[in-house]
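Reviewing the structure listed below.
The values are calculated or read from the model by the stated rules, or taken from the named source; none is laboratory data. It should be emphasised that the depicted structure is a prediction, and the values quoted were computed from it without experimental measurement. Don't worry about glycine lacking a Cβ; one is built from the backbone with ideal geometry, like all the others, and counts go over all protein chains shown.
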Amino acid sequence: MTTANWFFAVIALVFGINIGSFLNVVIWRLPRGKSLIDPQFSYCPRCERRLTAVDLVPLFSFLLLGRRCRTCKGEISWRYFSVELLTGLLFFGLALRFPNSAPDAVSLMLFTALLVPMTFIDLDFYQIPHSLNLLAFAVAIGRDVWGIVQHEPAHALLWGWLPRSIPGALAGIFIFGGVRLIGWIWKRREAMGLGDVLLARAMGAMLVQMVPPGLALLRLFPTWVLFSCLSGLVVGGIPLILAQARQGKQAEQTEEEAQEPGAAEDEETLKDQLLAIVYCITFGDLVDYVRTAFGKQKELAIADDQFDVEPTAIPFGPYLAIGFLATVFVGEALTAWYLAVALPKPG
């Protein structure tokens, strides 16, 4: 690791902290239907006072002001500080992880800058804004297009015509779309939001581009799925168990009632579930977005999920993000170690 690499990492850290400050705005405004650019200034959500430069120095203002608004003295959530610090540290880590590939580092920083608000919005509202999902997919496709134009070996076209990000995206849809479908068949309820499936699409498109040339295209996918499921089990399973304990017999009764819909309703709902997966596989949301942009239709056919959240529900988007980032940092090393141990050595 050279001095230049460390300098770039420190710059990425500072830049990431400042980006995190803007991401706090996204996390607050976007799920509430507020514009990200109007008003252009930041304000206290309680007293709505316009914040000045003294209030907006990332990390330091939060600490110097004692976590309180200077006007109304309202307490400021630790989330603001955490988002800024987390984004900065992730940018710093990505700069060190890809010291010799600026396109990989920059594209993954952009991708991470979208994962952070998606994670915190999903934690609060149990939904992933479709606009952020589309941007994440665009970043993944954009990175692949850049690699193709630059003739990078890891971005060589499959069969001479197919960008590898496309089968990666489809694999992500099939894996987690399958989980959604199986969960519905088993429980007769939505086991995973469509936003999670579309997020897996973007992650799959990005992960296949990190596989060294000559190796299996989906090499990192088992590690990604494993990390995502383990983080969901460990981090999300604890509050789920506590919620189930509080709910007690009432939860069992509710579950039994939910599992007894009419046959016609079952058939129609299953059809809807299948059509939703097909919609993702055929990139229908992208087609709708283009048609909407050119005035061919009024709004997207797919909207941000709105549903009644059950006490035992957990958002899976954050655990997909944890699994993805863990795979980015240690996935290749872990996969190589496992294959070296598991596969018999010649001779």
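At-a-glance table
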{"quantity": "Those residues of the range 128-158 which are aromatic (Phe, Trp, Tyr) and in contact (Cβ under 8 Å) with a residue 60 or more places away in the chain, in sequence order", "calculated": "137"}
{"quantity": "Matching entry among 37, 27, 76, 11 (being touching an Asp or Glu at 6+ places or on another chain (Cβ under 9 Å) and hydrophobic (A, V, I, L, M, F, W, C))", "calculated": "27"}
{"quantity": "Test: residue in the range 88-100 that is within 24 Å of residue 8 (Cβ to Cβ) and surrounded by fewer than 14 Cβ atoms within 10 Å (Cβ to Cβ)", "calculated": "yes"}
{"quantity": "Residue 322 being part of a helix (DSSP H, G or I), at pLDDT 85 or above, assigned by TED's automatic domain parsing to the domain that holds residue 116 and within 18 Å of the chain's Cα centre (by Cα)", "calculated": "yes"}
{"quantity": "Checking residue 68 against (1) surrounded by 14 or more Cβ atoms within 10 Å (Cβ to Cβ); (2) basic (Lys, Arg); (3) touching a strand residue (DSSP E or B) at 6+ places or on another chain (Cβ under 7 Å), the condition it does not meet", "calculated": "(1)"}
{"quantity": "Residue within the range 86-102 that is without any contact (Cβ under 8 Å) to a residue 60 or more places away in the chain, of a type in the set (A, V, I, L, M, F, W, C) and more than 29 Å from residue 7 (Cα to Cα) present", "calculated": "no"}
{"quantity": "Qualifying positions in the range 33-42 - exposed (fewer than 14 other Cβ atoms within 10 Å of the Cβ) and at negative phi", "calculated": "34, 35, 36, 37, 38, 39, 40, 41"}
{"quantity": "Identity of the residue in the range 291-317, in contact with a Lys or Arg (Cβ under 8 Å, 6 or more places away or on another chain) and at pLDDT 65 or above, that ends up nearest to residue 135 (Cα to Cα)", "calculated": "292"}
{"quantity": "Whichever residue in the range 180-194 is outside any helix (DSSP H, G or I) and of a type in the set (A, V, I, L, M) and, among such residues, is surrounded by the fewest Cβ atoms within 10 Å (Cβ to Cβ)", "calculated": "191"}
{"quantity": "Every residue from the range 273-293 that is surrounded by fewer than 16 Cβ atoms within 10 Å (Cβ to Cβ) and not in a helix (DSSP H, G or I)", "calculated": "282"}
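Here's the yes/no breakdown for (1) in the same structural domain as residue 129 (by TED's automatic domain parsing); (2) more than 28 Å from residue 131 (Cβ to Cβ); (3) not hydrophobic (A, V, I, L, M, F, W, C):
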position: 3; (1), (2), (3): no, yes, yes
position: 7; (1), (2), (3): no, yes, no
position: 31; (1), (2), (3): no, no, yes
position: 34; (1), (2), (3): no, no, yes
position: 40; (1), (2), (3): no, no, yes
